[in-house]
Amino acid sequence: MASTNRNALQNWLEFAPAWLLLKALGWLPRPAAIRTGQFIARTAYRIHKRLQFVGERNLQMAMPELSERQHREILARLCASLGRLFGEFSQFPRITRDNIAELVIYDGFENYERAARKGRGVLMLTGHFGAWELCAFAQGVYGHPLSFLVRPLDNPLLDRLISSYRRRAGNRTIDKNDAVRAVLKELRQGADVGLLVDVNTVAEEGVFCDFFGIPACSTTGLAVFALRADAPVVPGFLIWDDQLQKHVLHFEPEVPLIRTGDFKEEVRLNTQVYMKVIENFARRYPEQWLWIHKRWQTRPSGAPDPYAKNNAALAEHSSIKVKAEAQ
């Protein structure tokens, strides 16, 4: 009983500040909420040296051709992007079909429509770009709701709070730990499912794919769902446009599904294609991709840890990549 009470108190102590922050941002006008979110993001980044280390290390490995100054500029703009995400998320209760076009517009929507007409559901290939929470939310507000995979938060109160915001536009969340049956059911019913496929995964749940010239353990879920349901995969990324002062939801043409007759090899080959799509967008919009997570944390057997505090592993990875690009 005492342990249960302590857990409940801990959950509440974690929940209360998050609730207050979300509500406080939500009470502000949108521009003020975004500015406040950006201040919070920049402050958190300056305080947490680990985030700085991971962001700088990732950019050193992925884009060694850029200078340290350029890396720092990318990370500074990433903080602004994350702050915009916080601010926009707080405004979800105010977003309606009447005002969504003031925030989010489409580019390439015909690619999504063409895939949806097949009637087998659409698998939306997406990643942690820009205000990614707004990506699925905008689809729902525009009348194209989808289910998307999430990892439940450890704090159940926070999990319910965040989920309530995510579902406001008619979207559904699917527990990432028990997703196979639910996703296949959605697709069989002609519904759409979104998957964030750009983060590190454990070796048992992924395959190693080339990502910026470095092996990265990547989730196989999207490829498995596409192969089993014969569902079209359409890349969709929400990108902030400084000139328009709006988010643009880009839909790329459907990614052709590779079939060889060997299911395991099909999963690997298709996952590699999806990672290349993510990489291409990260190269186009480096300031809007989530560099501050350990994308290369899971390593092939015997490979050095790129996040070790010494520079030996980094030097090895960078030299291999530079040599490969020179050939």
Among residues of the stretch 214-260, those that are touching a Ser or Thr at 6+ places or on another chain (Cβ under 8 Å) and assigned to a helix (DSSP H, G or I), counted: 2
Helices (runs of 4 or more DSSP H) enclosed by the stretch 110-212 - at least 1 residues per element that are within 19 Å of VAL233 (Cα to Cα): 132-141, 180-188
Residue pairs qualifying under the 8 Å Cβ cut-off, at least six apart or on distinct chains, with the first in the stretch 247-265 being of a type in the set (Ser, Thr, Tyr) and the second being modelled with pLDDT of 95 or more and not in a loop (DSSP other than H, G, I, E, B), are THR260/GLU266; THR260/LEU269
Scan of the stretch 207-246 for residues that are out of contact with any Pro (no Cβ under 8 Å at 6 or more places or on another chain) and either among the aromatic types (Phe, Trp, Tyr) or free of Cβ contacts under 8 Å to residues at least 12 places away in the same chain (or both), ordered by number: PHE211, PHE212, PHE225, PHE237, TRP240, ASP241, ASP242, GLN243, GLN245
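Can you work out which of the residues in the stretch 109-136 that are more than 15 Å from the chain's Cα centre (by Cα) and either among the basic types (Lys, Arg) or within 18 Å of ALA41 (Cβ to Cβ) (or both) is surrounded by the fewest Cβ atoms within 10 Å (Cβ to Cβ)?
So, considering only residues that are more than 15 Å from the chain's Cα centre (by Cα) and either among the basic types (Lys, Arg) or within 18 Å of ALA41 (Cβ to Cβ) (or both), the one surrounded by the fewest Cβ atoms within 10 Å (Cβ to Cβ) is ARG117.
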Scan the stretch 31-74 for residues that are among the β-branched types (Val, Ile, Thr) and surrounded by 18 or more Cβ atoms within 10 Å (Cβ to Cβ) and jot them down. ILE34, THR36, VAL54, ILE74
Residue list for the stretch 204-252, restricted to those being modelled with pLDDT of 95 or more and surrounded by fewer than 16 Cβ atoms within 10 Å (Cβ to Cβ): ASP210, ARG228, ASP230, ASP241, ASP242, GLN243, LEU244, GLN245, LYS246
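Is it the case that the stretch 269-292 has a residue that's touching a His at 6+ places or on another chain (Cβ under 7 Å), within 30 Å of LEU85 (Cα to Cα) and in contact (Cβ under 8 Å) with a residue 60 or more places away in the chain?
Yes - at least one qualifying residue is present in the stretch 269-292.
The values are calculated or read from the model by the stated rules, or taken from the named source; none is laboratory data. Just so it is clear, the structure is predicted and the values come from calculations on it, not from any experiment. As a convention, Cβ positions derive from the backbone with ideal geometry for all residues, glycine included, and neighbour counts pool all protein chains shown.
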